[in-house]
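First the structure, in the form of structure tokens, and then the observations on it.
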Amino acid sequence: MPLDQFVDNLLAAIQNDLGVNLTSQRNALIALGSRGAVMYRLADENAQNPISNQALINAEYNRAFVATQYFGYLRRDSDIGGFLFWLAQVNSAPLRSVSKQHAMVCSFITSAEYQDRFGSLHLHSNAECGQ
């Protein structure tokens with residue numbers, strides 16, 4: 001598949017999945033010259049990035065944060081219900097809300113599932129999270 005078609009398909013998928021319209025970046029993405037460079041620059045949050053991708057970074061931020069908590073603390077993939085619940089929680093505050101993020105982390109580390117990894121005693125509860 002030629003690079004221009006790859007970029008068109010990728011931009012359509014981003015718009016369909018996330019509602020983020022990056023078509024204004026089409027020519028700049030194609031000018032990067034390779035699929036790898038396109039993918040790298042779309043994911044790059046560096047201030048010197050020649051691609052205006054902040055809308056994409058913002059749209060993916062909370063989803064990535066929630067997935068990372070499942071992988072890091074519970075060491076498993078999320079179930080869809082739990083993922084959507086926690087995504088709604090972090091989405092209910094401004095982007096990168098530290099208080100919402102801390103509340104989610106606290107809930108994960110006080111969960112029975114997390115504590116069971118270290119022994120049968122549950123020494124902490126969600127009441128400690130101040131929610």
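The values are calculated or read from the model by the stated rules, or taken from the named source; none is laboratory data. Everything quoted here is computed from the prediction, not taken from an experiment. Cβ placement follows ideal geometry from the backbone for every residue including glycine, while neighbour counts extend to all protein chains displayed. For accessibility, only protein heavy atoms count, side chains too; no ligands or nucleic acids. Shrake-Rupley method; radii C 1.70, N 1.55, O 1.52, S 1.80 Å.
Assorted remarks:
- The accessible surface of the chain, taken with every protein chain in place and a 1.4 Å probe, is 55 percent carbon and sulfur.
- Mean sequence separation of contacting Cα pairs (under 8 Å, at least six apart), scaled by the length of region 25-94, corresponds to a relative contact order of 20 percent.
- HN-Hα J in Hz across region 34-43 - Karplus 6.51, -1.76, 1.60, θ = phi - 60°, x for Gly and Pro: 8, 4, x, 5, 4, 5, 4, 5, 5, 8
- Degrees, to the nearest 10: 80-91 long Cα axis against longest axis of the chain: 80
- Taking the alpha carbon gyration tensor of the chain, multiplying each eigenvalue by 5 and rooting it gives semi-axes of 37, 15, 12 Å, largest first.
- Estimated inter-spin distance, residue 27 and residue 71, nm [label 7 Å along Cα→Cβ]: 3.6
- In this calculation the C-beta distance from residue 37 to residue 99 is compared with R0 = 35 Å, giving a FRET efficiency of 0.40.
- Percentage relative contact order, the chain, counting C-alpha pairs under 8 Å, at least six apart: 15
- Subtracting the Cα-Cα distance of residue 126 and residue 13 from 0.36 nm times their residue separation leaves 36.9 nm of extension gain.
- Solvent-accessible heavy-atom area per residue, rounded to whole Å², over the chain at 1.4 Å: 60
- Loop-located trypsin sites (Lys or Arg not before Pro) in region 1-83, at most 16 other Cβ atoms within 10 Å (DSSP): 75, 76
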